[in-house]
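**Student:** Encoded as structure tokens, here's the structure I'll be asking about.
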Amino acid sequence: MSGSTPSPSEIARLQVSLRRLLGSPNLTVNKPPRAGMSVELAVNGEVIGTIHRDDDEGEVSYAINMVLLEEDLPPEK
């Protein structure tokens, strides 16, 4: 069952854990916009990455893939 989509209760638990771990109440974990897509990680409504669920022989883990565009970085000094 590797790569399955997290359930609604898992999504809620992930959001609680990530808000606590990363210290941001503005962080949300959103269900996939369409079937077959990844769960989205957002801050203040802006999607910053995806969360992938892996179930390997009953051991479940989650991996976050976050993308930062160079154009969104502050200018060099």
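The values are calculated or read from the model by the stated rules, or taken from the named source; none is laboratory data. Computed from a predicted model, the values in this text were never measured in an experiment. Every residue, glycine among them, receives a Cβ derived from its backbone with ideal geometry; neighbour counts consider all protein chains shown.
**Student:** Condition test on P25, is it touching a helix residue (DSSP H, G or I) at 6+ places or on another chain (Cβ under 9 Å) and either farther than 24 Å from L69 by Cα or at pLDDT below 90 (or both)?
**Tutor:** No.
**Student:** Quick one: count up the residues across region 4-21 that are surrounded by 10 or more Cβ atoms within 10 Å (Cβ to Cβ), of a type outside the set (V, I, T) and modelled with pLDDT under 95.
**Tutor:** Total satisfying the criteria: 4.
**Student:** Filter region 27-41 for residues that are loosely packed, with under 12 Cβ neighbours inside 10 Å and of a type outside the set (A, V, I, L, M, F, W, C) and give the result.
**Tutor:** Step one: list which residues in region 27-41 are loosely packed, with under 12 Cβ neighbours inside 10 Å, which gives 33-37.
Correct list: P33, R34, G36.
**Student:** On the basis of being surrounded by 11 or more Cβ atoms within 10 Å (Cβ to Cβ) and either touching a residue at least 60 places away in the same chain (Cβ under 8 Å) or not charged (D, E, K, R) (or both), does V67 make the cut? Before the answer, list the steps.
**Tutor:** On the way: surrounded by 11 or more Cβ atoms within 10 Å (Cβ to Cβ): no; either touching a residue at least 60 places away in the same chain (Cβ under 8 Å) or not charged (D, E, K, R) (or both): yes.
Here the answer is no, as V67 does not meet what is asked.
**Student:** Okay, moving on. Read through the list (1) exposed (fewer than 13 other Cβ atoms within 10 Å of the Cβ); (2) in a helix (DSSP H, G or I), then give the number of the only condition that S24 fails.
**Tutor:** So the condition that S24 fails would be (2).
**Student:** Quick check on my filter: what residues within region 32-63 are in contact with a helix residue (DSSP H, G or I) (Cβ under 9 Å, 6 or more places away or on another chain) and in contact (Cβ under 8 Å) with a residue 24 or more places away in the chain?
**Tutor:** Matches in region 32-63: V39, L41, I51, R53, Y62.
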